[in-house]
Amino acid sequence: MRPVRAHPLRRFILRRLALGVLTLFLVSVLVFAATEALPGNAARAVLGRNATPAALASLETKLHLDRPVWVQYELWLGGVLSGRPGRSLVNGEKVLAQVAPRIRNSAVLLTLAGLFGVPLALLAGIVAATRRDGAFDASVSTIALALAALPEFVVGIFLVILLATTVIHWLPPVSLVPPGTSVLARPRILVLPVLTLMLVIFPYIFRMMRGSMAEILESDYIEMARLKGLGQRRLVMLHALPNAIAPVIQVIALTFAYLAGGVVLVEYVFAYPGIGQGLVEAIFARDIPVIQFDVVVLAGFYVSLNIVADLLAVLATPRLRTAG
Amino acid sequence: MTGTSPGNAVLEAVDLSVAIVGTTITVVEPTSFSLAPGEILGLVGESGSGKTTLGLALLAHHRRGLRLSGGRVLIRGQDLLRIPPDQLPARRRGLIRYVPQNPGTALNPGLRIGTQLAECFATPPANGNDHLLALLEDVKLPPTPALLRAYPHQLSGGQQQRVAIAMAFAERPPVIVMDEPTTGLDVTTQAHVLQTVRQLCARHAVAALYVSHDLAVVATLAHRVAVMYAGRVVELGPTGRVLHQPAHPYTRALIEAVPDLDRRTAVAGIAGQAPEPARRPAGCAFAPRCALALDACRAEPPALAAIDTDHLVACLRPTSGRSAPAPPSSSPVPGASALPALEVRNISARHGATVVLHGASFSVSPQTCVALVGESGSGKTTLGQIIAGLHHDWDGDILLGGAPLAHRSAQRSAAQRCHIQYIFQNPYSSFNPRRRIGESIAMAVRAFESPSASDLRRRVAEALDMVALPREAASRYPHQLSGGQRQRAAIARALITGPKLLICDEITSALDVSVQAVIVRLLARLQQEHGLSLLFITHNLALVRSIAQHVLVMHGGRIIESEPVDQVLDAPQQSQTRRLLADAPRFSAAPVTLGVGDG
Amino acid sequence: MSRLARWWPNTATGTIGAILVLLVVAIALVGPFVAPHSPTSFVGASFAPPTAAYPLGTDALGRDVLSRVLWGGYRILGLAGIATALGVLTGAVIGVIAGYVGGLIDEIVMRLVDVAMAFPQIILVLLFISIIGAKLWLLTVMVAAVHAPQVARVARAATLRVAREDFVRFAEAIGTPFRRIVARELLPNIVAPLMVECGLRFAYSISLIAGLNFLGFGVQPPAADWGLMINENRIGLMGNPWPVLAPVLLIAVLTIGMNLLTDTLARTELGHGIETGPVTTNATPDIPEPERS
């Protein structure tokens, strides 16, 4: 129909990356506008209503609030991009030094949840689809429906009541870590937060895998392959799975992107020393440089994973991959 | 009782039946027939007759929601229905194969053609790719490694269908079931694919069940024909006998409903519609629509019985020969000096950046029907939409009764909008599903005038009378009507405003042939009664003789031929028209005789 | 009565969902009138276990848990309701106009929606709260703003599907005015997906608002609120689990019920949308549908 243009795939990737950079730029503008450019807010928000004019003036100078808005933005963005986002207003520590270990801790949490949670959900989805409407399918689908409905923190609290405080007392209800210690040195404190995140991501990945697989198994070409005499294993693994997995890969990436918000609540439930809990603490303390940096990091993670999701979806579909 | 002697048969189906899961409602009633080596049996029926279901049942297979409820399928002495489910795939593959209706969805989009072909062999062929290339050559595809590396979406529809056929023939199975494999292909591609199928079956002595709704296709291909109605085979015999001396009233009516290029008579439809499986009557399912039905017909379904060697029919009153043919649509010749009802001058149009029409000009005389014929993509629908004001990106002039028309319908005068009415191809999409049919028809009136409620009700009822719909249809929702009834309602909606020009865009292509014939007859009658001008857009050249007086042939966005009907059909001037006519499947194709394994 | 019966779900799952939702809504709305004590008065020691006088015991500050539970639901329901209505309405209007008008307007609106959806939602809400402060109106507006782009996307997709149908083209051909096409041809045919969207959005509003209250950025002490109560009383789980367990259960029952109801709605209502019949003769497999009762 349409004339085929050169390298449609490369065009698509470049376009998507450009859109991502634009989004990140808008994120930074929004973060900056919300926290600094609103008149008087930043300094007053920090010092409170009864601040002396002298103290206000001094803080305004420190935060460059006496400069024009675009200069402030330039200084701030330059700092963030060069890895020097300034110092905490609360304890004077370098923001990066304070946030970096938290990012590492959150990464550990997400990685473990993905490592255990994703294969579990995929496997459950495939089994449920191949035995559609059977006992396994019916029960796991119902559980997934309930899990998808529950807010993340409610899942976390349930697990605490069940495994830590009230029903059985196996695990610590909070994930306290002495400063300077790696979370990996205390695997017991990781169990509940990881389990919570696994349950949070399970329903989305499971339902997508099940739905996609069930739809493909109903398709004409699977019927054809079945009539050709192929065995069930080859049918599911070679004919159905590669076609069924494409939309699921995208959903996996999107689910993790969604966790950029989800970790805030889950980490707060367990007082887990990650970036999400750090953000909540910074908001309570009105520590603006930390808030800015945390939000930019989390938004950057979200935007990047969205791009990855789109690219994976294309690469996993031969029709799109080989277009042109 | 099955036509060919069982001793010689490669496949024998005995009392094969299919039912809906959890019920005793049968979709396919107990059916028996046999196939000789190399024989092609055409299984013909309209939608809902159960022909695809019967075809799949030969493979001991069924769609979700159905079950095989009885009978035997014997191939080389093995009963497919008795093979345990876990062994079925492995044992079936050497006995019977399947070619699906839509190759676009039947090839795995994620696997290369070569991989999918290689899988067709139980053990990988020794000489690897050479074997696969030979398969491609068999079905007249270029035998290149590049094609083996291609993904299905990189092939055309015709090429995809050839791959599907190659897959079925790969291991030279004794039997193949083909489910309308040429539906959706244009006539030229269809002709080539049919030729390939015929040659492969003959060369490798493969017996085939060819399922189709298209009698003409079956006429060019099959040795024998089985006609299905409401889950039963009602007639079975040699192709020439069944098509030229049909014995069952349904077969006869069906043949008369099929437009045929070589017949100079108009198509005739069958009143009423086929019953759904749950509503089939106790007796012969065709009795309610049959003029010859007796009380005995309604008591119990007649069994399939021989009326001649190899010719079986399930009817208490089998007849022979066709009934008196209906006359062709008479041609009221308008006064030569009359101002054209519609004049189209030098129209060029674009879809985005693509030019789809290159300077098309024609005119429609008052009270005549002009057929606009062409393959898909020839620009015929765009031309119709331009005249109706639904496609806006065009240059040129359109005059309605001498007055120029604006590009968009919204810019045209109310009288102009009222005088041109458009009927859409798909009756399932042309009515708002949330509104009653009567309200939808009334809406057309309200757009141009504001009549009183009682006046409006009366006019809607009259419009329904005109198209022979019961007046109760006004209070029904669209999903409560059949496709044919909806298309009647669409005609009523178009006529209620008193138009001068009716544009019909492929209005019968979504309907079964027997319903198509009824609609075409209705339209021809209304055209004459109301003195309408008609622009009848269709891809089906054979249908033209039943309705139009003048034909425009379109090709690649140009009108390449504009002549009276008989002139175009009997003495076409352009090579493209000649090719269209030559490739169209015909009824009167010389009856195919069985060369291999006959007797 | 018959209208009510028409809306009552006709499947087991839907019925269970409706009962669960109605149960929690009843507790939240009737609760304040039947609560035995003031939600803010101190009646005993902290984290006292249940007794006859205080069936769910007391909380961290020695207040009656039952009374606080009965008082703690109406705000969250009200806020979620307003946020959902605001978000769905805004999104639907944007989506329908973008979908039907098309062209440049559609392109611009959908790019803006893309950008809006590229922000992690709860982070966005937290950002504004960190500056403007924990205000309930801000919470409501922000949650609505989170919904609007997603609803716009759904409404646009549904509109595009309907706008392609021939009955819309027929209405255009006879010169039906724009407003009437939107109101009479388009809207009635996208009500079903919008209803489903309402259900999904309401459940998500509850999650989001409960979560923000749990973090302490919504309803402020000493007011009773389910989300807030969970946070206030977590430290006393060993002593009296009820001030945490009761609100957690109520939120869980409400969101699960809402999801069951929406799921049923999606299955039944969306099935009655536009039928697309065969376009070419006999393109559909000729398997008859089992008869509907």
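Worth pointing out:
- Counting only alpha carbon atoms, the long axis of helix A:53-62 and the longest principal axis of chain A meet at about 50°.
- Sequence-distant residues sharing a close amide H with B:I559 (under 5 Å, placed H): B:S361
- Within the same chain, aspartates and glutamates fewer than 8 places from B:K140 are excluded, and of the rest, those with a Cα less than 18 Å from its Cα are B:D130, B:E171, B:D186, B:D583.
- Extension gain from B:A410 to B:D15, taking 0.36 nm per residue of separation minus the Cα-Cα distance: 136.1 nm
- Reachable aspartates and glutamates, given that their alpha-carbon falls under 12 Å from the alpha-carbon of B:K380 and they are not under 8 places away in the same chain: B:D505, B:E506
- In this simple spin-label approximation, A:S182 and C:I105 carry label points 7 Å from Cα along the Cα→Cβ vector, and these lie 5.9 nm apart.
- Relative contact order for chain A, counting Cα pairs under 8 Å that sit 6 or more residues apart, in percent: 25 percent
- For the pair C:V115 and B:E529, label points projected 7 Å from Cα toward Cβ lie 6.1 nm apart.
- At R0 = 35 Å, FRET efficiency that the Cβ-Cβ distance of A:R132 and B:R72 yields, to 0.05: 0.75
- Under 20 Å from the Cα of A:K94 - lysines, other chains or at least 8 residues apart: A:K62
- Phi-based couplings in Hz for the stretch B:134-139 (Karplus 6.51, -1.76, 1.60; Gly and Pro marked x): 4, 4, 4, 5, 3, 9
- Using R0 = 51 Å, the C-beta based FRET efficiency linking C:K135 and B:T23 works out to 0.25.
- Screening chain C for whole DSSP H helices with an alpha carbon extent of at least 15 angstrom along the helix axis and a mean Kyte-Doolittle hydropathy of at least 0.5 yields C:12-34, C:74-101, C:103-117, C:121-132, C:136-163, C:187-215, C:242-269.
- Degrees between helix A:288-315 axis and first principal axis of chain A (Cα, 0 to 90, nearest 10): 20 degrees
- Label-to-label distance, B:S348 versus C:L61, with points set 7 angstrom from Cα along the beta-carbon direction: 8.1 nm.
- Net charge contributed by nearby residues that have their C-beta within less than 14 Å of B:R91 (K/R +1, D/E -1): +4
- The stretch B:57-107 versus the stretch C:211-239: alpha-carbon centroid distance in Å: 63 Å
- Averaging 1/r over every pair of different alpha carbons in the stretch A:103-321 and inverting the result gives a Kirkwood radius of 19.0 Å.
- Segment A:A146..A:E93, full-extension length gain: 14.7 nm, with 0.36 nm per residue of separation and the alpha-carbon distance subtracted.
- Nearest-20 debye value, chain B charge dipole, Cβ charges on Lys, Arg, Asp, Glu: 1120 debye
- Fraction of antiparallel bridges per DSSP, the protein assembly as shown only, in percent to nearest 5: 60 percent
- Length available on full extension from B:R459 to B:N129: 0.36 nm per residue minus the Cα-Cα distance, which gives 111.8 nm.
Read-outs: derived from the displayed coordinates by stated rules, not from any lab. These numbers come from a predicted model, not from an experiment. Backbone-built Cβ (ideal geometry, glycine too); neighbour counts: all protein chains shown.
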